[in-house]
Structures are given as C-alpha cells and as structure tokens.
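Worksheet: one structure, shown below.
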Amino acid sequence: MSGTSVPGAPGAPFELPEELRIDTTVARRVIAEFIRGQLAQAGFERAVLGLSGGIDSALVAYLTAEAIGADRLLCVLMPYRTSSAASVADADAVVERLGCARDLVEITGMVDAYFGTDGRVGAAGEEGRTASALRRGNLMARMRMAVLYDRSVTWGGLVVGTGNKTEALIGYTTLFGDSACAFAPIGDLYKSQVRQLAADMGVPDAILRKAPSADLWPGQTDESEAGFSYPDLDRLLHAMIDRRRTREELVAAGFPAEQVARVERMVAASEFKRQMPPIAKLGPRTTGVDYLYPRRRPGSARR
C-alpha cells in the first residue's frame, strides 16, 4: 500500500503510510494519562528530557508539557562541537513555544577528555584518537544520559525517554545512552506515527521537514545510515511485528526478500537491547524471574 501525505500539510512535509495512520486525539489522551500516571506512581511532579532539535524529542516535550504543564518540564540541550547549529536553534524554538525551563550543557569537554583532541591523548589512550565515528557517537549518547540523570537530581524530575518503536525494533539506539529513561511515552509509535502526531500538536515545521538525524557526526542522517526510508521500514515492521506476517507472506505482499531478511536480522540481533540483563538463578526467588511485582505495587512511590 502506498503512503499518503498528511492532509492539509503544506508541501507534503512527510509520507504517511495509510495503514499506520492513528487517531491523534486518542493517542494524546492515552499518552498524557500515561505520563501523569508514571510520575505519580514514582512520587514525582516534574520531568526532564534531552532536547536535540529532532522530531522525537520535540514531540515528547510537547506531550509532556500538555500532560503536566510546561512549568514542570526541563529541556536540556547537549550539543557536541560538531553538532549542527540548526539543531540547537530548532530545540530553542520548541522551548520558546512551550515556555518550559531550558538548560544548555556542552558535552564536548567530556567526550574529548576521553578520546583526546588536537593532538592530545585522552583517557582512552593513544588508540582513542582514531576511534570510529560510531564509537564516538555511542559515547556522546551515554554522556548525554549521564547529564540528564544528574539534572534529574537538581530539577527533581524523572528522565523521560524520547525513543520510538522503529528505532527500538531495529536496535537503532545506544544501550545505556538514549535508550535509558524512567518511561517512554512514544515507545509504541512508529516513526511515521511520530510525524503524524507531531504535526497534529503543532511541532515547528522546520523540525517536521528535516531529515531525521542523531546528529552524532556532520552530515549523518538516520535513513542514509540504515539504508531504508522510514515509511518503507515502518510498513515492513508493522506487517512483521504487529500483524505477525511470516517471511513468505511479507514477500508475497511485495516487500523485497533481501529487505525482509535484513530487517529480521536487525530485530533479532538487537533483542538484548530491549530486555533487562539476564540473571544467573541461584535462590528460590530471583528478581525479574519469579520475584515479580508491578511498578505500581503498594509502597513503591517515592516519598
């Protein structure tokens, strides 16, 4: 099934596969109740999130502000020296529209202190100076999360996740980096659905139209790195995961066999990122195995 442009969106800023279209009114209500419930259960009234200037974090900022009020939200901007200046400008546009608190923390010093820079050896030693872009990007993601959890103490709020379902399924996330959070409001929305909901909530047009990027190195974009367009990938994942179609059924539906096989490998290989670490069972009641309680168990809220 081919994708369609968002009705009423000037210049068709993105493609929305018809089978992924959602009721945005219901989505906003459910997510708002989820955010309020997670904070109340943990005994918090405030939230903090990393605002990159991309659509995912922008949407989560809008949703959180709608759920609890902008005065209870802290957005932290954490650029590296190679980050796009437009990313900071777009993040600031979100802060200005929402009227929430804003903090700017440069992570350049933290990352360069480890890998080294300008001919100087960092804590990683001589080999750190030739670290790959991927390795550097992973450390940047983890430094940003370290900053967020530190700010969560000073702000007195829970860290809100900004990851979406597409990224989680294919493993396009850094373990203990951008995947770390107290709860994930858009974790069950595919990237195409994130765009639809963001358009509905009035996220700035510049953010809606920009090529999705983790901004980990100059010129990096999600789709060029993955080799898929998000609408195509979302359609395949939706059929594979939500509709539980077999490989044969997916190919018969028109998805290229090589693409199906590759995405299946990506989903399987990243399963460890979506689960808690396994525990070697020795005692009669092991946490996460047979000592299981819901997060809302009596007495679990922080006081």
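Quick note: the coordinates plus some simple rules give every number you see, no bench work behind them. These numbers come from a predicted model, not from an experiment. Glycine gets a Cβ as well: all are built from the backbone with ideal geometry, and neighbour counts include every protein chain shown.
What the Cβ-Cβ distance of ARG243 and GLN275 gives, at R0 = 30 Å and to the nearest 0.05, is a FRET efficiency of 0.85. When the chain is treated as a GNM with alpha-carbon contacts under 10 Å, the residue of GLN275, GLN259, GLN41 showing the greatest mean-square fluctuation is GLN275. Shape index of segment 228-274: Rg/Rh, with Rg the Cα radius of gyration and Rh the Kirkwood radius from the inverse mean 1/r over Cα pairs, equals 0.95.
Over segment 12-154, the ratio between the Cα radius of gyration and 2.2 N^0.38 Å evaluates to 1.25. For the pair ALA252 and THR154 in one chain, pulling the backbone fully straight at 0.36 nm per residue adds 29.8 nm over the alpha carbon distance.
Between PRO79, PRO284, PRO212, the residue with the greatest mean-square fluctuation in the GNM of the chain (Cα pairs under 10 Å linked by springs) is PRO284. Exposure here means at most 14 other Cβ atoms within 10 Å; with GluC sites (Glu not before Pro) in a DSSP loop as sites, the longest stretch of the chain lacking them is 107-303. Just to confirm the filter: which trypsin sites (Lys or Arg not before Pro) across segment 48-149 are DSSP coil and have at most 12 other Cβ within 10 angstrom of their Cβ? Those that pass, being in a loop and sparsely packed, are ARG81. Bridgeable lysines around LYS191 (alpha carbons under 19 Å apart, same-chain partners fewer than 8 residues away excluded): LYS165, LYS210, LYS273.
Full extension of the chain between ARG297 and VAL121 yields a length gain of 58.4 nm, computed as 0.36 nm times the residue separation minus the alpha carbon distance. Mean separation of Cα pairs under 8 Å and 6 or more residues apart, divided by the residue count, gives the chain a relative contact order of 21 percent.
Calculated [222 nm] ellipticity per residue, helices only, for the chain: -13000 deg cm²/dmol; basis is -39500 (n - 2.57) per DSSP H run with n ≥ 4, divided by all residues, nearest 500.
Along its first, second and third principal axes, ordered by size, the chain spans 54, 53, 49 Å in Cα coordinates. Structure remark: mean-square fluctuation, Gaussian network model of the chain, C-alpha springs under 10 Å; the largest value among VAL48, VAL260, VAL26 belongs to VAL26. Each part reduced to its alpha carbon centroid, segment 162-183 and segment 256-277 end up 14 Å apart.
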